[in-house]
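Down below is the structure, laid out as structure tokens.
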Amino acid sequence: MRRCRGMNAVSQPLRMDLRRATKPPGEGPGDRLLELVQLHQAALWRYLRYLGAQESEADDLTQDTFLAVTRSDYEHRSDAQAACFLRTVARRQLLTLRRRQQREATVIDLEAAEAVWIEREPELWDDQLEALRDCVTQLEGRSRQAIDRHYRDKASREAIAAELDLSPDGVKSLLRRTRAVLRECVERWRRSLP
């Protein structure tokens, strides 16, 4: 299996409290953690889903992964090494969850999945994101407004509901239906690939 270069995934508990580190303003540990989250959160969540985590599990495990980083002696050297370190921590978080659930993670060979992910991640996700952007441009009316406001503008369901004259539950349903349409659109694109 191809391993991440320059990273040694530590098998001992992660202990460092980044809040105690002393750095100049703007370069503090909180700022670095925020940057790390913004840069890697979406890819880490997709990676956990790829490994077989349910949506809610991927949400929790992504958060747990970043919390583990705050308690570790992690030092940022490069974005590639950060991504590798985060995947390692996330994979271990998933295995720990499966053990707690007294289930084996047999759905997928985790080492093989890691190798495929490293090899295909940039091309696979970039192409899928481009297909998703194309699918979003095909949306019209309330669906397009809701998706844009929710994902691009980070508006709450309540704010979107007020703008679209819907209830918050109506916005939730609209977003769910629209995501299903987008998912099907991206799947059609994937099936059309050679």
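Throughout, read-outs are computed from the coordinates displayed, never taken from laboratory work. None of these values were measured; they are calculated from a predicted model. Using ideal geometry, Cβ is built from the backbone for each residue, glycine included, and neighbour counts are taken over all protein chains shown.
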Which loop-located GluC sites (Glu not before Pro) does region 38-79 contain, where loop means any DSSP state but H, G, I, E or B and the Cβ has at most 10 other Cβ atoms within 10 Å? Glu75
Return the sequence-ordered ³J(HN,Hα) values of region 86-96 in whole Hz as given by the Karplus equation 6.51 cos²θ - 1.76 cosθ + 1.60 applied to θ = phi - 60°, using x for Gly and Pro. 5, 4, 4, 5, 5, 4, 5, 4, 5, 4, 4
Do any trypsin sites (Lys or Arg not before Pro) in region 126-190 lie in a loop, going by DSSP, with at most 15 other beta-carbon atoms within 10 Å of their beta carbon, and if so which? Lys154
